[in-house]
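First up is the structure itself, then whatever we jot down about it.
Where a number appears in this text, it was derived from the coordinates with a stated rule and is not lab data. It should be emphasised that the depicted structure is a prediction, and the values quoted were computed from it without experimental measurement. Don't worry about glycine lacking a Cβ; one is built from the backbone with ideal geometry, like all the others, and counts go over all protein chains shown.
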Amino acid sequence: MVIALKVRRAILGSTTGLLLLWLTLPVSMPVKQMARRGRSRSSKSKHPGGNMSIQTRLAIALSALPLLLCLTHPASAGETPLARTIDDSALEWGPCPPVFPAGCEIAVLHGDPAQPNADVFFKVAPGYSIPHHWHTSAERMTLVSGRLRVTYDGHEPATLAVGTYAYGPAGAPHTGECLSKEPCVLFIAFEGPVDVQTGPAPH
């Protein structure tokens, strides 16, 4: 798979380069007069494709774009679309890292938490206090259940209602509290591998 992707990128690079070079060629390329057998005869030739107008060249180049895009963005092998709700029986809920007290659960929606770009549901019980911590990855979050107050160090608290989007920068320490009488469930998309840090933050 890795070799195939490298080959595709190499093909794309050479193809794109040639395409751009072809677009920038002059419309005609005269050849110097040549003397043959004592007779002077001027000759003029055109570069392949030189008799095409720039509009024609551009149209051909645009028609080739779908092929180039297929080479740069091959379909992910083995992946299928999915949709999940917090009550989905297919979800596998497990305990949060040990730094979190009992009453905290996490379910992986997509990806591998040890690798970048994992999506998870983070669930805490009513009245639960999320301890002070931070992540090496940025977080993109949407609350899907309950009412959650999140406080980042040096910033005013933000109370999230269902449907509220929130962004947590990498390395930003924060705490939280579930204010509702129902569990708070937070969708989190991590940019990097999922981790939980409790020591001094990098900034």
Charge sum, other residues only, whose C-beta stays under 15 Å from Leu91's C-beta, Lys/Arg counted +1 and Asp/Glu -1: -3
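Once you order the gyration tensor axes a ≥ b ≥ c over the Cα atoms, which shape class does the range 111-158 get: rounded for a/c under 1.5, otherwise prolate or oblate by comparing a/b with b/c?
Oblate, because a/c is 1.5 or more while a/b does not exceed b/c.
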Sum of side-chain charges, Phe121 neighbourhood, beta-carbon under 14 Å (Lys, Arg +1; Asp, Glu -1): -3
Residues of the range 103-141 with amide N under 18 Å of the 7 Å Cα→Cβ point at Ala90: 107-113, 118-122
Sum of side-chain charges, Ser180 neighbourhood, beta-carbon under 14 Å (Lys, Arg +1; Asp, Glu -1): +2
Ranked Phe121, Phe190, criterion: other C-beta atoms within 10 Å, fewest first: Phe121, Phe190
Mean projected area in nm² (Cα convex hull; one quarter of hull surface) for the range 129-203: 4.6
